[in-house]
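Colleague: Below are the structure tokens for one structure; questions will follow.
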Amino acid sequence: MSIVRYLTHPQVQIDPDVPVPQWGLSSVGRTRTEALANAGWLANTTQIISSGERKAIETAEIIAGRLGVMIEIRDAMHENDRSATGFLKPDEFEKVADQFFAQPHLSVRGWERAIDAQARIVREVEAVLVRSRPGDVLFVGHGAVGTLLFCHYAGHPIDRIHDQPAGGGNCFAFAREERRVLHGWRRMEEIGT
């Protein structure tokens, strides 16, 4: 059975003066990813597909370097488009994110609608999976679109109750052939246990 995993990038270096897609991993995020790269549960991974955002690419590069696998970057796997607001302080961001998930058919403060972000991320994942290459597949991306992807494959309506745990660096998995969810969000440190 081929396994498809969707991994969210871990902690980032937050800089309000830098556009969010250009943020890189923090030292904590980098350390967590390096530990993950040495975990045996990724051994059968033959494809690593990354969002074009810097933090996702950095995460994918660390893992790919350890596994000796090339990275494919798919720019349309980016996080939900929040450029209308730019950087928001954490409390305000959480309120707007709650609205994003609660009202998936509406654009909250100019953000990409959740239903549109979900259709985009599903389209990107399916475009890769239709190739039917052997081995496991690792997608490296972001929390909001990852949650939307999880909702799609799990058959859940869009709802933030299905969001990843705080801090990023979480993974869910599904069986490639049946598109059946094998497990929901787990911290990267807990996958192989």
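A short reminder: the numbers here are calculations on the coordinates, not readings from a lab. Remember, it's a predicted structure, so these values are computed and weren't measured experimentally. Heads up, the Cβs are rebuilt from the backbone with ideal geometry, glycines too, and the neighbour counts pull from every protein chain shown.
Colleague: List the trypsin sites (Lys or Arg not before Pro) within segment 124-193 that DSSP assigns to loop and that have no more than 11 neighbouring Cβ atoms inside 10 Å. Don't jump to the answer; show the numbers that get you there.
Modeller: Numbers: sites: Arg131, Arg160, Arg176, Arg179, Arg180, Arg186, Arg187; in loops: Arg131, Arg176, Arg179.
Here the trypsin sites (Lys or Arg not before Pro) that fit, given the DSSP loop and packing criteria, are Arg131.
Colleague: Using unit Cβ charges (K, R positive; D, E negative) and no other charged atoms, how large, in debye to the nearest 20, is the dipole of segment 53-193 about its Cα centre? Write out the running numbers ahead of the final one.
Modeller: Working: 19 positive and 22 negative charges, 39 e Å.
Roughly 180 debye, rounded to the nearest 20.
Colleague: Hey, another quick one. So for each of 76-88, 11-23, 162-174 I average, over its residues, the number of other beta carbons within 10 Å; can you give me the resulting order with the highest mean first? Could you put the intermediate results ahead of the total?
Modeller: Details: 76-88: 16.6, 11-23: 14.0, 162-174: 19.7.
So the peptides 76-88, 11-23, 162-174, ranked by packing, come out 162-174, 76-88, 11-23.
Colleague: What does the helix-only formula give at 222 nm for the chain: each DSSP H stretch with n ≥ 4 adding -39500 (n - 2.57), the total divided by the residues, and the result rounded to the nearest 500 deg cm²/dmol?
Modeller: Numbers: 5 runs with 66 residues, N = 193.
Computed ellipticity for the chain at 222 nm equals -11000 deg cm²/dmol.
Colleague: How much length would be gained if the chain were fully extended between Glu34 and Asp159, taking 0.36 nm per residue of separation minus their Cα-Cα distance, in nm to one decimal? All intermediate terms of the calculation are to be shown ahead of the outcome.
Modeller: Details: separation 125, 0.36 × 125 = 45.00 nm, distance 3.13 nm.
Using 0.36 nm per residue and subtracting the Cα-Cα distance, I get 41.9 nm.
Colleague: Here's a follow-up. Out of residues 5 or more away from Gln13 or on other chains, whose amide H comes under 5 Å of its own, with H placed 1.01 Å from N in the peptide plane?
Modeller: Under 5 Å from the amide H of Gln13 lie the amide H atoms of Gly24, Leu25, Ser26, each far enough along the sequence or on another chain.
Colleague: What residues qualify as long-range amide H neighbours of His156, i.e. H under 5 Å apart, gap of 5 or more or another chain, H built at 1.01 Å from N?
Modeller: Here the answer is none, since no amide H 5 or more places off falls under 5 Å of that of His156.
Colleague: Over all directions, the average projected area of the alpha-carbon convex hull for segment 70-148 comes to how many nm²? Provide the component values of the computation, followed by the final result.
Modeller: Values: hull surface 23.5 nm².
Over all viewing directions, segment 70-148 projects a mean Cα-hull area of 5.9 nm².
Colleague: Just how many % of Cα pairs in the chain lie over 24 Å apart, if you round to the nearest whole percent?
Modeller: Within the chain, distances greater than 24 Å cover 33 percent of Cα pairs.
Colleague: Next question, about the same structure. With label points built 7 Å along Cα→Cβ from the Cα atoms of Met1 and Arg123, find their separation and express it in nm.
Modeller: 3.1
Colleague: Right, something else. So who's got an amide H within less than 5 Å of the one on Thr45, skipping anything under 5 residues away but keeping other chains? H placed 1.01 Å off N, in plane.
Modeller: Asp136
Colleague: Among Ile161, Ile73, Ile63, which one moves the most in a GNM of the chain with springs linking Cα atoms closer than 10 Å?
Modeller: Looking only at Ile161, Ile73, Ile63, the biggest GNM fluctuation is shown by Ile161.
Colleague: Now for a different question. Nearest 5 percent is fine: what portion of the DSSP beta bridges confined to the chain is antiparallel? Kindly include the intermediate steps, with their values, before the conclusion.
Modeller: Numbers: 11 of 24 bridges.
Percentage antiparallel, nearest 5: 45.
Colleague: Roughly speaking, what is the centre-to-centre gap between segment 91-112 and segment 115-192 when only Cα atoms are used, to the nearest Å?
Modeller: When both Cα centres are located, 20 Å separates them.
Colleague: For segment 26-33, in order, what is each residue's ³J(HN,Hα) by Karplus, 6.51 cos²θ - 1.76 cosθ + 1.60 with θ = phi - 60°, in whole Hz (x at glycine and Pro)?
Modeller: Rounded to whole hertz, the list is 7, 4, 5, x, 5, 4, 4, 5.
Colleague: Right, something else. Can you list the HN-Hα couplings for segment 78-92, worked out from phi with the Karplus curve (6.51, -1.76, 1.60; θ = phi - 60°), rounded to whole Hz and with x for Gly and Pro?
Modeller: Result, rounded to whole Hz: 4, 5, 4, 5, 10, 4, 4, 9, x, 4, 10, 4, x, 5, 5.
Colleague: What is the spin-label model distance, in nm, from Arg131 to Glu72 if the labels are put 7 Å beyond Cα along the C-beta direction?
Modeller: 0.2
Colleague: In nanometres, what is the gap between the two model label sites at Asp17 and Arg109, each 7 Å from Cα along Cα-to-Cβ?
Modeller: The modelled label-to-label distance comes out at 2.3 nm.
Colleague: Which ³J(HN,Hα) values in Hz, rounded to whole numbers, follow from the phi angles of segment 166-178 under the Karplus curve 6.51 cos²θ - 1.76 cosθ + 1.60, where θ = phi - 60° and Gly and Pro get x?
Modeller: 4, x, x, x, 10, 9, 10, 9, 9, 6, 4, 5, 8
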